[in-house]
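Each reported figure results from applying straightforward, stated rules to the coordinates on display, with no laboratory input. Everything numeric in this text was worked out from a predicted model, so none of it was measured. A quick note on method: Cβ atoms are made from the backbone with ideal geometry, for glycine too, and the neighbour counts reach across all protein chains shown.
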Amino acid sequence: MCCIENFRPGVMNRLGLGYDDLRKVRPSLVYCAISGFGAEGPMKNAPAYDQIVQGLSGVMSITGDEACSPLRVGYPVADTIGGITGAFAICSALVRQASTSEGSFIDLSMLDSILATMGWVVSNYLIAGVAPRPMGNNNFTAAPSGTFKTGHGLLNIAANKQEQFEALATAVGRPDLVQDSRFMSRENRKKNRGRLDC
């Protein structure tokens, strides 16, 4: 059996429906409490909405470009990732429950969940001190990458490897770009990313 709730910490206890109350009735209960900031810490009682979590996590600060950042992601990403993280945690707890008959209390923070998805943005800052910044449709690690205007509308490109760049240059009728010194390496392509219309 499983119970999922997403009130602020303490609300279910006040209603007599907290984990400690319910496990007296069902010791094998898997109980998942999803909140904005978890059951402990200085923000545990703060209300959380998706946009607030996006802002506090830094997601908004890297969404958009330098002219329009910060921007909220166009769907409730923090709510969604919190729910998906909860589903995985519950599945794991149910597997454990099936083999041991033991229950579990899962304290899930939306903020923690969304931070875990930010990958290289967080690791580059924590390990190398590289401050995150908004890059729009550009890619931190590869070029050309982004959305480019063409005579037939927008073209979304992610040519991350040399052979992909070479195939792209051929496909757009510009095989000469492969030998152009400005674009012969990924580093040069990143430096000259705005000049691919030459």
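Observations, loosely collected:
- Qualifying positions in the range 137-153 - surrounded by fewer than 16 Cβ atoms within 10 Å (Cβ to Cβ) and at positive phi: GLY153
- Among the residues of the range 154-188, those identified as surrounded by fewer than 16 Cβ atoms within 10 Å (Cβ to Cβ) and of a type in the set (Val, Ile, Thr) are THR170, VAL172, VAL178.
- Of all residues making up the range 136-171, the number that are under 27 Å from VAL73 (Cβ atoms) and touching a Ser or Thr at 6+ places or on another chain (Cβ under 9 Å): 11
- Pairs with Cβ under 6 Å, 6+ apart, first in the range 166-178 and of a type in the set (D, E, K, R), second in a helix (DSSP H, G or I) and surrounded by 14 or more Cβ atoms within 10 Å (Cβ to Cβ): GLU166/VAL178
- The one condition from (1) in contact with a strand residue (DSSP E or B) (Cβ under 7 Å, 6 or more places away or on another chain); (2) within 30 Å of CYS3 (Cβ to Cβ); (3) of a type in the set (A, V, I, L, M, F, W, C) that LEU155 does not meet is (2).
- Taken over the range 73-96, the criterion of being of a type in the set (Asp, Glu) and in contact with a Ser or Thr (Cβ under 8 Å, 6 or more places away or on another chain) is satisfied by no residue.
- Residue ranges of helices (runs of 4 or more DSSP H) in the range 8-120 with at least 3 members in contact (Cβ under 8 Å) with a residue 40 or more places away in the chain: 50-57, 77-100, 110-116
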